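So the structure is just underneath, and the comments pick up after that.
The values are calculated or read from the model by the stated rules, or taken from the named source; none is laboratory data. Given the structure is predicted, the values throughout are model-derived calculations rather than measurements. Neighbour counts are summed over all protein chains in view; Cβ atoms, including those assigned to glycine, are modelled from backbone coordinates with ideal geometry. These accessible areas exclude ligands, DNA and RNA; they are computed on the full protein's heavy atoms, side chains included. Shrake-Rupley method; radii C 1.70, N 1.55, O 1.52, S 1.80 Å.
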Amino acid sequence: MDAIILQVLNGLDKGSAYALIALGLTLIFGTLGVVNFAHGALFMLGAFCAVTLSRLLTISHVTVDSTRTDFLGNPLKVETPYVVEWFGPEAGGTIIEWSVPLGILFAIPIMIAVGLAIERGLIRHFYKRPHADQILVTFGLAIVLQEIIKYFFGANPIPTPAPPALVGSFDFGVLIGFDPGQIIYPYWRLIYFVFAAILIGAVFAFLQFTTFGMVVRAGMADRETVGLLGIDIDKRFTIMFAIAAVVAGLAGVMYAPINSPNYHMGMDFLVLSFVVVVVGGMGSLGGAVLAGFLLGVLESFASMPQVTNVVPGINQIVIYLVAIIILLTRPRGLLGRKGVME
């Protein structure tokens, strides 16, 4: 039983990333009708926002520490981060340690700017073009973005640790009545799941309970009619593209301690996230989230030694097998609208 619960936790962890990326993809497709193959690159950019902030906070200069000496008896020269000098050793050190959570505030304006630039500079010219054209141009954009990251940050993964206070594992089993030590799970992975749930809830609440969100949902259902009412729906959809970019970016920021950022991490998640979107139903926000968590849990169970020993490599293809079965029996996906990409 403890092994099953652990696999569910692992699945929810990975499913959180799938759900967040798929949610952004579905927001873009549902509002703009664009199949955005650059969305994984936005996830990657978010992760590198965390890397960039960590490096900015550790920019330092040489100072002389008169209280310490080298082997010749001369005052010791040490590298002192500017943040430590400005805020003091304790506060400055805390800011540096908490660079990943602070990366959320750092990433939001950057991802808004990137999203607006992509939509206004490129995507708007492909609204009425075939989906094949949209896929080609956004896939090309994804390659350009990842090569830019590779040029500035290198090809190797960059470790981006979580705050020391959140490093380590939590005895999850004790909470549900198991003996101590039976279900141990990393703090940060639990935090990522909670963060994903809050972010998903915030997006749904925004669309459901705000006037802006209600207009967007109406535009997703019947764009022409909303436009005839005198509402600038195109401007609202542009804002939604920026919001989708922020969702992907924040997912990347918080994922940085789990998977060290590298230039191709966006591509690693992109294909799987598109499978999630298709399984959930093109244009269905609820379907994207449901399919993300569902496929994450299935992939986790398929990775168990008891399963891979019987069917080697099943963990690599289980998501695609499930997608084939669902689409053969229900072409529009789990919660897809009739006629959308069917």
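Counting only protein chains, not ligands or nucleic acids, how are Leu145, Leu136 ordered by accessible area (probe 1.4 Å), most first? Please list the in-between numbers first.
Numbers: Leu145 30, Leu136 125 Å².
So the residues, ranked largest to smallest area, are Leu136, Leu145.
Dipole size of the stretch 90-222 about its Cα centre, with +1 on Lys/Arg Cβ and -1 on Asp/Glu Cβ: approximately 600 debye, rounded to the nearest 20. Here the stretch 282-342 has an Rg and Dmax of 13.3, 41 Å, counting Cα atoms alone. For a quick check, take a GNM of the chain with Cα springs below 10 Å and name the residue from Gly281, Gly140, Gly46 with the largest mean-square fluctuation. For the chain, modelled as a Gaussian network with Cα springs under 10 Å, the answer is Gly140. Expressed in Å, the radius of gyration and Dmax of the Cα atoms of the stretch 78-140 are 20.2, 59.
A straight chain from Phe87 to Val311 at 0.36 nm per residue would run longer than the Cα-Cα distance by 75.0 nm.
Full extension of the chain between Gln182 and Ala117 yields a length gain of 18.5 nm, computed as 0.36 nm times the residue separation minus the alpha carbon distance. Only protein heavy atoms count here; on that basis, with a 1.4 Å probe, Asp133 has an accessible area of about 40 Å².
Each residue of the stretch 199-255 gets 68 Å³ once the volume of the Cα convex hull is shared out per residue.
Any number yet on Rg/Rh for the stretch 183-342, C-alpha, Kirkwood? Rg/Rh: 1.02.
Protein heavy-atom surface of the stretch 209-280, 1.4 angstrom probe: 61% of the accessible area is carbon and sulfur, with nucleic acids and ligands not counted.
Would you list Lys77, Lys14 from the most to the least accessible area, probe 1.4 Å?
My answer, sorted largest first, is Lys77, Lys14.
The average projected area of the stretch 1-109, computed from the convex hull of its Cα atoms over all directions, is 12.3 nm². Among the trypsin sites (Lys or Arg not before Pro) in the stretch 115-198, those located in a DSSP loop and surrounded by at most 11 other Cβ atoms within 10 Å of their own Cβ are Lys128. Shape analysis of the stretch 124-220 places it in the oblate category; the axes a ≥ b ≥ c from the Cα gyration tensor give an a/c of at least 1.5, with a/b not above b/c. Charge dipole of the chain (Cα centre as origin; +1 on each Lys and Arg Cβ, -1 on each Asp and Glu Cβ, all else neutral): 1080 debye, rounded to the nearest 20. Put a plus charge on the Cβ of each Lys and Arg, a minus charge on the Cβ of each Asp and Glu, and nothing anywhere else: the dipole of the stretch 108-154 about its Cα centre is then about 140 debye.
Taking Cα atoms of the chain, Rg/Rh with Kirkwood Rh, to two decimals?
Radius of gyration relative to Kirkwood radius: 1.04.
Largest GNM mean-square fluctuation across Phe241, Phe269, Phe212, computed for the chain with C-alpha springs under 10 Å, falls on Phe212. For the chain, a Gaussian network of Cα nodes joined below 10 Å ranks Leu285, Leu105, Leu116 by mean-square fluctuation, and the top entry is Leu105. Shape analysis of the stretch 167-273 yields a ratio of the Cα radius of gyration to the Kirkwood radius, Rg/Rh, of 1.15.
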